[in-house]
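The values are calculated or read from the model by the stated rules, or taken from the named source; none is laboratory data. Keep in mind the model is a prediction, meaning the values are calculated, not measured. Every residue, glycine as well, gets a Cβ built from its backbone with ideal geometry; the counts of neighbours run over all protein chains shown.
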Amino acid sequence: MADRYLSFTGTAPGRFLTRRLGLPRPAALKRHSPEQPDLAGGLLHLTAGKSDLDLAPVLARTNLPATGTDPAAVVLDATGIRSIEDLSEVHSALHPVLRSITPSGRVVVLGAPLDPADHHQAAAQQALEGFTRSLGKEIGRGRTVNLVRLTDAEAAESTLRFLLSPKSAYVSGQVVEVGTAPVTTPADWNRPLAGRTALITGAARGIGEAVAETLARDGAKVVVLDVPQAEADARRVADRLGGTALPLDITAADAGARIAEALPDGLDILIHNAGITRDRRLVNMPAERWIQVLEVNLASVLRTTDFLLTAGTLKPGGRIVATASIAGIAGNAGQTNYGASKAGIIGLVRSLAPRALADHDVTVNAVAPGFIETKMTAAIPLLIREAGRRMNSLAQGGQPIDVAETTAWLAHPASGAVNGQVVRVCGQSLLGA
Ligand code: NAD
């Protein structure tokens, strides 16, 4: 969908007017392409506090050359910060370099898990979260700021590669925790999903189609599931990607069994993307609108997940990525049904993730998109749509590819230590911030 304001602000009169009138000035974001797979520029590695992290080998593998000037990426290792005095090193490390970070550049702050036995360490480490979110809101020029809490740099390699690449263009102000579960390093980082099968629900169009494209790009064999009415579109997507289509209403009572039947060799990656809205204020909402949304967005996700885990269709090393929404975090007028269903996804992820990993060696995470330019958001009335687009730190809507790239990172074989996370792909939306 066209964002005419974004195009206009890229012109000379647009720049003049937005500056004079104090209007939002979104920067054109640099996204991943085969021609430009990496950030255009070098990486600056800074440390605040005394760190024990063995970070250099992982950073060396990001393809970004080390630089001291005009970095495209800054990694601030603040894992060793244990006190408020130490925090002053965050200021002294970043303050001098901020201006020189290139447009669409990245700041990644590394923190440590909060120590339950040391409230001074916990205060200082939690401070990094407020710092990250605040810097994300002020840094501008399409630059992003994220915090990764980790103890083992190797376990965080896929996460660091993602956040230090153009693939994370619309992910900002996020806090990601990386655990210590063993990770599988792919033979080829350019085709990490080679030999894996991925099923994406609701993939005949929109975000699901972009997810299917991106997972296929990364080497997966894709199964494009959508309702029987969208079969022609699902086949078109599947044919283009060398995958197969599976016409199926995900709310069918036997949907899990039908998926298992279609995948006799099992499944590695399950993406719950299908979703609907049936907006009305609660006072005007007939029961069937409530039921439909809860059925498609949540109940079917619970049912198929349970079935495919129990049946063993989801193989060890598997990945589940469900789709929440900022409406499930912040709430939205007219969306009590939708907000409930998407918050439910977050509850499901948080509860199931540790058990699914322990019992099935499967990770469970969620993406929570903000305003993404799709048919779903094109249907929103103009003024509300314009507010949704601008009310985030990047002052623009995201593209389906932004959700897809985030999904691909969570589905990555080397992301085995990323579990139970809800990652917002929202340009740091002010809603629910
Ligand atoms: P979309 O309407 O463009 O596509 C959704 C797809 O799901 C369609 O192809 C539809 O046929 C399919 N689908 C619907 N019900 C189904 C069912 N019962 N069984 C199988 N397939 C079904 O939507 P989108 O904008 O691409 O959204 C994709 C997901 O992202 C949804 O879960 C949505 O709630 C979520 N999301 C979107 C945005 C956004 O800004 N677009 C924001 C937050 C969350």
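Do you know which residues across the stretch 205-234 are within 18 Å of Ala408 (Cα to Cα), of a type in the set (A, V, I, L, M, F, W, C) and near the ligand (Cβ under 10 Å from one of its atoms)? Give the derivation first.
First, pick out the residues of the stretch 205-234 that are within 18 Å of Ala408 (Cα to Cα): 205-225.
Adding the requirement that they be of a type in the set (A, V, I, L, M, F, W, C) leaves 207, 210-212, 215-216, 220, 222-225.
Passing the criteria: Ile207, Ala210, Val211, Val224, Leu225.
Of all the residues that make up the stretch 369-385, how many are over 19 Å from the mean Cα position of the chain (by Cα) and within 13 Å of the ligand (Cβ to nearest atom)?
6
Report, by residue number, each residue of the stretch 65-120 that is small (Gly, Ala, Ser), free of Cβ contacts under 8 Å to residues at least 60 places away in the same chain, in a loop (DSSP other than H, G, I, E, B) and in contact with a Gly (Cβ under 6 Å, 6 or more places away or on another chain).
Ala72
Taking the stretch 167-185 only, how many residues are surrounded by 19 or more Cβ atoms within 10 Å (Cβ to Cβ), out of contact with any strand residue (DSSP E or B) (no Cβ under 9 Å at 6 or more places or on another chain) and either of a type outside the set (A, V, I, L, M) or without any contact (Cβ under 8 Å) to a residue 40 or more places away in the chain (or both)?
2
Please state which of the following conditions Ile84 fails to meet, knowing it meets all the rest: (1) loosely packed, with under 14 Cβ neighbours inside 10 Å; (2) among the aliphatic types (A, V, I, L, M); (3) over 23 Å from Ala127 (Cα atoms).
If we test Ile84 against (1) loosely packed, with under 14 Cβ neighbours inside 10 Å; (2) among the aliphatic types (A, V, I, L, M); (3) over 23 Å from Ala127 (Cα atoms), just (3) comes out false.
Restricting attention to the stretch 304-313, which residues are surrounded by fewer than 16 Cβ atoms within 10 Å (Cβ to Cβ) and either within 14 Å of the ligand (Cβ to nearest atom) or not small (Gly, Ala, Ser) (or both)? Show your work before the answer.
Going through the stretch 304-313, the residues surrounded by fewer than 16 Cβ atoms within 10 Å (Cβ to Cβ) turn out to be 306, 310-312.
Listed by number, the residues that qualify are Asp306, Thr310.
So is Glu138 in contact with a helix residue (DSSP H, G or I) (Cβ under 7 Å, 6 or more places away or on another chain), modelled with pLDDT of 95 or more and surrounded by fewer than 22 Cβ atoms within 10 Å (Cβ to Cβ) or not?
Considered against the rule, which asks whether it is in contact with a helix residue (DSSP H, G or I) (Cβ under 7 Å, 6 or more places away or on another chain), modelled with pLDDT of 95 or more and surrounded by fewer than 22 Cβ atoms within 10 Å (Cβ to Cβ), Glu138 comes out as no.
Pro316 fails exactly one of the following numbered conditions: (1) more than 12 Å from the ligand (Cβ to nearest atom); (2) part of a strand (DSSP E or B); (3) closer than 26 Å to Asp402 by Cα. What is the number of that condition?
Going through (1) more than 12 Å from the ligand (Cβ to nearest atom); (2) part of a strand (DSSP E or B); (3) closer than 26 Å to Asp402 by Cα one by one, Pro316 breaks only (3).
Name every residue in the stretch 206-237 that is touching a Ser or Thr at 6+ places or on another chain (Cβ under 8 Å), surrounded by fewer than 23 Cβ atoms within 10 Å (Cβ to Cβ) and assigned to a helix (DSSP H, G or I), in order of residue number.
Gly206
Do you know which residues across the stretch 386-421 are within 16 Å of the ligand (Cβ to nearest atom) and over 27 Å from Asp3 (Cα atoms)?
Leu410, Ala411
Would you pick out the residues in the stretch 422-433 that are of a type outside the set (Val, Ile, Thr) and within 12 Å of the ligand (Cβ to nearest atom)?
Answer for the stretch 422-433, where residues must be of a type outside the set (Val, Ile, Thr) and within 12 Å of the ligand (Cβ to nearest atom): Arg424, Cys426, Gly427, Ser429, Leu431, Gly432.
Please verify whether Val237 is among the β-branched types (Val, Ile, Thr), within 13 Å of the ligand (Cβ to nearest atom) and under 17 Å from Leu270 (Cβ atoms), treating the condition exactly as stated.
Considered against the rule, which asks whether it is among the β-branched types (Val, Ile, Thr), within 13 Å of the ligand (Cβ to nearest atom) and under 17 Å from Leu270 (Cβ atoms), Val237 comes out as no.
Determine which single condition Phe307 fails, assuming it passes every other condition in (1) part of a helix (DSSP H, G or I); (2) of a type outside the set (A, V, I, L, M); (3) within 20 Å of the chain's Cα centre (by Cα).
Every condition holds for Phe307 apart from (3).
Looking at Ala56, Ala12, which one is farther than 21 Å from Val171 by Cβ, loosely packed, with under 13 Cβ neighbours inside 10 Å, free of Cβ contacts under 8 Å to residues at least 40 places away in the same chain and within 27 Å of the chain's Cα centre (by Cα)?
On the way: Ala12 fails: within 27 Å of the chain's Cα centre (by Cα).
Every option except Ala56 fails the conditions.
Looking only at residues that are farther than 20 Å from Gly339 by Cα and away from the ligand (no atom under 14 Å from the Cβ) in the stretch 263-289, which one is farthest from the chain's Cα centre (by Cα)? Write out each step before concluding.
Step one: list which residues in the stretch 263-289 are farther than 20 Å from Gly339 by Cα, which gives 263-270.
Next cut, away from the ligand (no atom under 14 Å from the Cβ) only: 263-269.
Values: Leu263: 27, Pro264: 30, Asp265: 28, Gly266: 25, Leu267: 22, Asp268: 19, Ile269: 16 Å.
Ranking the qualifying residues of the stretch 263-289, first place goes to Pro264.
Please state which one of Val321, Val301 is surrounded by 16 or more Cβ atoms within 10 Å (Cβ to Cβ), part of a strand (DSSP E or B) and either among the small types (Gly, Ala, Ser) or within 12 Å of the ligand (Cβ to nearest atom) (or both).
Values: Val301 fails: part of a strand (DSSP E or B).
Checking each option against the conditions leaves just Val321.
Taking Ala330, is it within 16 Å of the ligand (Cβ to nearest atom), closer than 20 Å to Phe371 by Cα and either over 25 Å from the mean Cα position of the chain (by Cα) or not β-branched (Val, Ile, Thr) (or both)?
It is true that Ala330 is within 16 Å of the ligand (Cβ to nearest atom), closer than 20 Å to Phe371 by Cα and either over 25 Å from the mean Cα position of the chain (by Cα) or not β-branched (Val, Ile, Thr) (or both).
Could you check the stretch 150-177 and list, in sequence order, the residues that are assigned to a loop (DSSP other than H, G, I, E, B), closer than 16 Å to Arg106 by Cα and in contact with a Leu (Cβ under 6 Å, 6 or more places away or on another chain)?
Across the stretch 150-177, the qualifying residue is only Ala169.
In the stretch 348-356, is there at least one residue being out of contact with any strand residue (DSSP E or B) (no Cβ under 6 Å at 6 or more places or on another chain), within 16 Å of the ligand (Cβ to nearest atom) and more than 30 Å from Gly142 (Cα to Cα)?
Within the stretch 348-356 (the criterion being out of contact with any strand residue (DSSP E or B) (no Cβ under 6 Å at 6 or more places or on another chain), within 16 Å of the ligand (Cβ to nearest atom) and more than 30 Å from Gly142 (Cα to Cα)), the answer is yes, since at least one residue qualifies.
Confirm whether Ala366 is crowded, with 18+ Cβ neighbours inside 10 Å and near the ligand (Cβ under 8 Å from one of its atoms).
On the way: crowded, with 18+ Cβ neighbours inside 10 Å: yes; near the ligand (Cβ under 8 Å from one of its atoms): no.
Here the answer is no, as Ala366 does not meet what is asked.
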